Amino acid sequence: MTATRTLRQALRAPKDLDLTAVDPRGRPVGPRDKKAAADAMTELGERLGAQQEALYAEAAGGGHRAVLLVLQGMDTSGKGGVIEHAAGLINPQGLHIASFKKPTSEELAHDFLWRIRRQVPAAGMIGVFDRSHYEDVLVVRVNGLVPELEWRSRYGAIRDFEGELAAAGVAIVKCMLHISPEEQQARLLARLDDPAKRWKYNPGDVDVRGRWADYRAAYTGALRETDSDVAPWYIVPADRKWYRNWAVSALLAETLEEMAPQYPPPSYDVAVERRRVEASTVR
Ligand code: AMP
Ligand code: MG
């Protein structure tokens, strides 16, 4: 009998990553259907809630650790859905969500990591990046926004940056939401057909879609160059929304459980304070 692989082992991007070999409808481990996933999400919510509270408390007691979840993926792959359903299991007070759009002129006047550094989660927080510094080696590469020498140099800059974060106590979890072009087409059509979804549709998405192979090459390069044990990349099969949401939630839960955040010891004498509260009166 073969040992059961953990989710992190099953989804971890291999060194010789070939995205054409990863099934966007795959379910390598975990729930087999939507009903089982819903049950698993309830249990994950409890685990995440407990760990998040301990992480927050640890920081209140002077701890410096935090978590950073990086979400990347093609349009419609479900970055927003993951924030709603996976990050949504977590107490909003402990969440820091940052979305990275086309850079403003102010952002462009700085190094590409400037706007990213400003959104790094503080101690005790769970940060979520909806797109990230990886756009600077993805859309920037595909659209030739900077010369090749420059975007290539960013791989090293990203490795250094993430190494620095990890050394400062930030546990990094990077997820590429892996969707098929067929599923993306269906989701784009659904956005056009439903008046309540039309605001999410951007005519430019079709042009991006037309360069699927270029994006696949850019993702492959970025993931191969920046996967490391302190900042691992996971390929999350994303054609099934329930599997995608479960997988990201479970990756977060596994990461937090490994961190095992600790409630700080009280800075006062509990027995003394008990007696004071019992003896206290109000006027
Ligand atoms: P969305 O996340 O769908 O709202 O779209 C945000 C858009 O901003 C996408 O088309 C991204 O490719 C684009 N974007 C994000 N970061 C960058 C960047 N550093 N350079 C150029 N475009 C970017
Ligand atoms: Mg979009």
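The values are calculated or read from the model by the stated rules, or taken from the named source; none is laboratory data. On a predicted model such as this, the values are computed, not experimentally measured, just so you know. Glycine also receives a Cβ, built like all others from the backbone with ideal geometry; neighbour counts cover every protein chain displayed. Ligands, DNA and RNA are excluded from the accessible area calculation, which covers all protein heavy atoms including side chains. Shrake-Rupley method; radii C 1.70, N 1.55, O 1.52, S 1.80 Å.
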When the convex hull of the Cα atoms of the range 75-160 is projected onto a plane and the area is averaged over all directions, what value comes out in nm²? 6.6 nm²
If the cut-off is 28 Å between C-alpha atoms, which lysines fall inside it for LYS34, apart from same-chain ones fewer than 8 positions away? LYS79, LYS174, LYS197, LYS200, LYS241
Quick query: amide H of ILE97 versus all other amide H atoms, modeled in the peptide plane; which residues come in under 5 Å with a sequence gap of 5 or more or a different chain? VAL128
Roughly how many debye, to the nearest 20, is the charge dipole of the chain about its Cα centre, given +1 on each Lys and Arg Cβ, -1 on each Asp and Glu Cβ, and no other charges? 520 debye
Points 7 angstrom from Cα along the Cβ direction at ASP194 and HIS96: gap in nanometres? 3.3 nm
Percent of alpha carbon pairs in the range 8-136 separated by more than 19 Å? 62 percent
Starting with the highest mean, order 211-222, 61-72, 239-250, 107-118 by the number of other Cβ atoms within 10 Å, averaged over the residues of each peptide. 239-250, 61-72, 211-222, 107-118
Interchain or long-range residues, amide H under 5 Å from SER228's placed H: TRP233
Over the chain, relative contact order from alpha-carbon pairs under 8 Å, at least 6 apart, %: 34 percent
Range of Cα positions in the range 181-228 per principal axis (Å), largest first: 42, 21, 17
Using a simple spin-label model with points 7 Å from Cα along the Cα→Cβ vector, what separation in nm is obtained for ASP269 and ARG118? 4.9 nm
With a cut-off of 8 Å between alpha carbons and a minimum separation of six or more residues, what is the relative contact order of the range 53-149 in percent? 44 percent
What is the set of long-range amide H partners of VAL170 at a cut-off below 5 Å, with H atoms built 1.01 Å from backbone N? ALA66
Quote the Stokes-Einstein diffusion coefficient, in whole µm² s⁻¹, for the range 179-283, based on the Kirkwood radius over alpha carbon pairs, a temperature of 20 °C and a viscosity of 1.002 mPa s. 112 µm²/s
Can you give the accessible area per residue of the range 147-254, in Å², using a 1.4 Å probe? 44 Å²
Can you give the Kirkwood hydrodynamic radius for the chain, in Å, rounded to one decimal and based on Cα pairs? 20.4 Å
Listed residues ASP193, ASP136, ASP269; largest mean-square fluctuation, Gaussian network over the chain with Cα springs below 10 Å, found at ASP269
On the accessible surface of the range 1-103, probed at 1.4 Å with all protein chains in place, carbon and sulfur together account for a percent value of 53 percent
Inter-centroid distance (Cα atoms) of the range 236-282 relative to the range 1-72, Å: 17 Å
For the range 117-188, give the percent of accessible area contributed by carbon and sulfur heavy atoms, probe 1.4 Å, rounded to a whole number. 50 percent
Can you find, among ILE179, VAL142, TYR215, the residue sitting farthest towards the positive end of the charge dipole of the range 134-283, where Lys and Arg contribute +1 and Asp and Glu -1 at Cβ? ILE179
Quick check: residue separation of ASP111 and ASN202 times 0.36 nm, minus the Cα distance between them. What number comes out in nm? 30.0 nm
q = 0.18, 0.20 Å⁻¹: log10 I(q)/I(0) that the Debye formula gives for the range 114-221, counting C-alpha atoms only: -1.05, -1.15
If each DSSP helix of 4+ residues adds -39,500 (n - 2.57) and the sum is divided by the residues in the chain, what number results at 222 nm, nearest 500 deg cm²/dmol? -14500 deg cm²/dmol
